[in-house]
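Down below is the structure, laid out as structure tokens.
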Amino acid sequence: MIPRRLILSSIALLLVGCVSSPPEPTPNVSLLKARCVEWHASGGYNTAFARAAEPGRTALERYLRGDTPQNFAIVFDIDETLLSNWTYLRDQQFAITPASFAEWTRAERAIPLQATRDIYARAQAYSIPIFLVTGRSEGLRADTLRDLEEAGYWGWAKLFMKPVGYTDPSIIPFKSGVRKALTEHGYDIILNIGDQDS
């Protein structure tokens with residue numbers, strides 16, 4: 001049996017160690033932004049993106065080995081998944097606002113991200129229904145359709161956009177609700193690809 005005094009001494013030492021440890025330094029946001037810009041310019045971003053997309057490509061290939069069931073479906077996010085808005089993010093110094101993003105979407109052209117574009121094309125070649133679920137506002141539908149078409153994304157089954165009047169601070173309930181509705185309609189979502197947990 002461990003003596004009570006030793007237990008109390010050990011707890012006291014742990015507490016002293018926690019108190020005397022220096023706090024984590026707060027990162028300098030300007031330096032982090034500069035590092036992101038350098039990382040992107042070096043090609044590191046594209047390399048990391050391709051690596052992150054690889055499990056999705058591998059999983060899709062496993063599903064394509066046999067007959068493709070009619071109920072298979074794939075869900076893609078749009079921004080920073082199918083399309084890159086890097087120029088906007090960099091020019092805004094990563095300070096995203098609905099107004100500035102809407103202005104960017106109407107005036108500029110997002111570019112396709114090759115790794116996910118390849119997955120998209122592969123699924124499309126097998127006639128797997130593709131659903132797009134985005135946090136973009138419904139008011140940006142025409143501009144989004146133009147962006148998708150110009151980037152070579154066509155033939156998808158349906159585009160779900162954040163409804164007008166959506167007030168939840170998180171996009172998760174909307175996106176989760178869409179996926180739930182798809183499964184309730186009989187789809188088996190074999191891939192759900194996006195850049196965030198939502």
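The values are calculated or read from the model by the stated rules, or taken from the named source; none is laboratory data. Here the structure is a predicted model, which means the values were calculated and not measured. Here the Cβ is made from the backbone with ideal geometry for all residues, glycine too, and neighbour counts use every protein chain on show. For the accessible areas, the whole protein counts, side chains as well, though only heavy atoms, and no ligand, DNA or RNA atoms are used. Shrake-Rupley method; radii C 1.70, N 1.55, O 1.52, S 1.80 Å.
Contact annotation: residue pairs with Cβ atoms under 8 Å, 6 or more positions apart or on different chains, pairing a residue in the range 40-55 that is farther than 16 Å from residue 79 by Cβ and touching a residue at least 60 places away in the same chain (Cβ under 8 Å) with a partner that is surrounded by 12 or more Cβ atoms within 10 Å (Cβ to Cβ) and of a type in the set (A, V, I, L, M, F, W, C), are 50/115; 54/115. Restricting the range 164-198 to residues that are farther than 17 Å from residue 136 by Cα, in contact (Cβ under 8 Å) with a residue 12 or more places away in the chain and of a type outside the set (Gly, Ala, Ser) leaves a set whose member that is most open to solvent (accessible area, probe 1.4 Å) is 192. Within the range 82-91, is even one residue touching a residue at least 40 places away in the same chain (Cβ under 8 Å), part of a strand (DSSP E or B) and open to solvent by less than 30 Å² (accessible area, probe 1.4 Å)? Yes, some residue in the range 82-91 is touching a residue at least 40 places away in the same chain (Cβ under 8 Å), part of a strand (DSSP E or B) and open to solvent by less than 30 Å² (accessible area, probe 1.4 Å). Which is more than 20 Å from residue 187 (Cβ to Cβ), under 18 Å from the mean Cα position of the chain (by Cα) and modelled with pLDDT under 95, of 106, 90, 117? Just one listed residue meets the conditions, 90. Please determine, by comparing only the residues of the range 1-51 that are of a type in the set (Ser, Thr, Tyr), outside any helix (DSSP H, G or I) and within 31 Å of the chain's Cα centre (by Cα), which one is modelled with the highest pLDDT. Among those that are of a type in the set (Ser, Thr, Tyr), outside any helix (DSSP H, G or I) and within 31 Å of the chain's Cα centre (by Cα), it is 42.
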